[in-house]
1. Using 32 Å as the Cα-Cα cut-off, could you pick out the over-long pairs in K74/K329; K74/K149; K45/K149; K52/K324; K74/K342; K149/K324?
2. Near the amide H of T359, under 5 Å away, which other amide H atoms are found, from residues 5 or more places off or on another chain, if H is placed in the peptide plane?
3. Where does the charge balance sit around R125 when Lys and Arg score +1, Asp and Glu -1, over other residues with C-beta under 11 Å from its C-beta?
4. Round to the nearest 0.05 the FRET efficiency obtained for D266 and Q201 when R0 = 25 Å and r is the Cβ-Cβ distance.
5. Determine the gain in length on full extension of the stretch E109-K324; use 0.36 nm per residue of separation and subtract their C-alpha separation, reporting nm with one decimal.
6. Given an 8 Å cut-off on Cα distances and at least 6 residues of separation, report the relative contact order of region 106-202 as a percent.
7. Regarding region 283-341, what are the three Cα extents along the principal axes, ordered largest first, in Å?
8. Which net charge results when you count Lys and Arg as +1 and Asp and Glu as -1 among the other residues whose beta-carbon is under 11 Å from that of V449?
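A short reminder: the numbers here are calculations on the coordinates, not readings from a lab. The shown structure was predicted, so the numbers you read here are calculated from the model rather than taken from an experiment. Note: ideal-geometry Cβ built from the backbone for every residue, glycine included; neighbour counts use all protein chains shown.
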Amino acid sequence: MPFHPNRRQVVQSLMSGSLLLPGIASELLAADAPAPGKDDPLAPKAPHFPGKAKRVIFLFMTGGVSHLESFDPKPLLARDGGTQYQGRTLLAPQFRFSRAGQSGIPVSELFPHVSTCVDDLCVIRSLHGSHFEHFQATLGVHTGSLTVKRPSIGSWVSYGLGTENQNLPSFVVLAPHLPYAGTQVWSSDFLPVCHQGTRIQPGDEPIRDLRRRAPSATVQELELDLLSRFNRRHGQDRPSDPLLAGRMRSFETAFGMQQAMPDVLDLSGESDATLALYGLERGQTDGFGWQCLVARRMSERGVRFVELIDSGSSDNWDSHGAMKDHVPKARGVDQAIAGLLKDLKSRGMLDETLVVWTTEFGRTPHTDGPTGRSHHPYVFSSWLAGGGVKGGMVYGSSDDYGYDPAENPVHLHDFHATILHLLGFDHERLTYRHSGRDFRLTDVFGRVVREILA
């Protein structure tokens, strides 16, 4: 028998939790709300100039990956390991490096799969930040600010470009655990809340309350109509409030997610060959391979910025006692990252997708524990691939022991400026007015590293 709810039942449905919760871009707006347009903060926007990249996949390795054991070989450090330098005992690199690809770029044995993609990588060996503690350094990599709350780089990209898919967030974070600095890593801060990252966790329930709990489709339609009327009336009284418009838009996105996200997360249609490329078993819903494959599926459906965080504030790359602790961490991500790069390339997506691999800082050339290293923000390595960067090249260098940049230093502000440039933005013009000042991701710093642009 058809269900015909009365007004009391509709209101009860609204109040009993059939709506998605705030905090994950969550309440709903109506299906009959005005179509996205100039007043929609997530409407697609043109950048300042044509960018080579249309989207970003940001791979963040939590804890501080050693540049000396990954992408920056040091023959002199290997020779002098065990000797004293400036009152400290040098530690020789704990893993072998081998030249890979036609470019011959040396890559550590920790990354045998990534080494097969080295001709697509632009390795930056002279990246440096400004803080040696995890919390502040993680904020610096993501927001350009070490201590004061600022929007995440993903939020800035969402703010600048909008979304290509009205039913999905423009900024998604795939994170099994909270990293250092917690949710501030993907916060929109003073930008409209619709630009905040939506977190997805591996497992059986990637997003809480994704499935509707309305009694029927009729109730759902009535709920959405009621919410639409409330929100439109509220917005008409406050036409110049961009934060309100952004929050209302985030509610629309939440409803769209209920329609589109289950399909994105359903990997049953992927071939056995594709699953094997990422190192996945059929039916698997966790692991970095799952994160990478979901990132590819989101990117091809129009999500602008997807961040993958490999681990949380414990059990990560923070190898103080022994560098051998890097082995399981590398094994957990190596094949998945290579699979992502190869999959994007085979589908013709890599040219327009900027893949960023980074960490919050490197490790010291001297010992900390018996065979471990401490935090080292003064120089470390990261790489970019696709999206308008030159592949098969190394930019910058560190000194003989890997203590400081030797040539072409790249600060994190320069790193951010270059990422924005590849997307088509002048980083000095991508600003937002807040508290009487125009803020930007790079603050008052930053230069585009033009030497790595294709």
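1. Too far apart for the 32 Å limit: K74/K149; K52/K324; K149/K324.
2. M61
3. Values: positive: K74; negative: D72, D399, E407.
Around R125, the charge tally is -2.
4. After rounding to 0.05, the efficiency reads 0.95.
5. Working: separation 215, 0.36 × 215 = 77.40 nm, distance 1.21 nm.
Once the chain is fully extended between E109 and K324, it gains 76.2 nm.
6. Values: 118 pairs, mean separation 25.3, N = 97.
Relative contact order for region 106-202 comes out at 26 percent.
7. Projected onto the principal axes, the Cα atoms of region 283-341 cover 43, 21, 20 Å.
8. On the way: positive: K390, R447, R450; negative: D414, E451.
Counting the neighbours of V449, the net charge comes to +1.
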